[in-house]
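Notes for the one structure printed next.
Bear in mind that the values in this text are calculations on the coordinates, not laboratory data. All values derive from a computational prediction rather than experimental measurement. FYI the Cβ positions are ideal-geometry reconstructions off the backbone, even for glycines, and counts take in every protein chain you see.
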Amino acid sequence: MDDLNAFLEPGMIVRHPDCPDWGLGQVQSNIAGRITVNFREAGKKVIEGSRVSLVPVFDADD
C-alpha cells in the first residue's frame with residue numbers, strides 16, 4: 001500500500017482525521033512510513049502512514 005504521508009517532514013503541523021480530540025500535532029519524524037507525531041492533547045503517537053492519511057495544517061491559528 002502507498003504511503004499517504006510521504007511528503008510530511010519534521011516540524012509540520014497535522015491533524016489525525018479520526019481523532020480530532022487529539023488536537024494539532026507536530027511531526028517529529030517520518031521514517032519508512034512510520035510517522036511520529038506529538039499531539040497537543042494526546043502526546044506522542046506513532047502513525048502507520050499506509051493506514052492513516054494525516055491532514056496537514058497550514059494555518060495553525062485555528
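Of note:
- Taking segment 3-56 as the range and being touching a strand residue (DSSP E or B) at 6+ places or on another chain (Cβ under 7 Å) and β-branched (Val, Ile, Thr) as the test, the residues that pass are ILE13, VAL14, VAL27, ILE35, THR36, VAL37, VAL46, ILE47, VAL55.
- Taking segment 21-62 as the range and being touching an Asp or Glu at 6+ places or on another chain (Cβ under 7 Å) and either in a strand (DSSP E or B) or of a type in the set (Phe, Trp, Tyr) (or both) as the test, the residues that pass are TRP22, VAL27, ASN30, ARG34.
- Members of segment 6-36 found to be exposed (fewer than 14 other Cβ atoms within 10 Å of the Cβ) and either touching a Gly at 6+ places or on another chain (Cβ under 6 Å) or under 19 Å from ASP59 (Cβ atoms) (or both), listed by number: PHE7, GLU9, GLY11, PRO17, PRO20, GLY23
- Just one of (1) surrounded by fewer than 16 Cβ atoms within 10 Å (Cβ to Cβ); (2) out of contact with any Pro (no Cβ under 6 Å at 6 or more places or on another chain); (3) in contact (Cβ under 8 Å) with a residue 40 or more places away in the chain fails for ALA42. It is (3).
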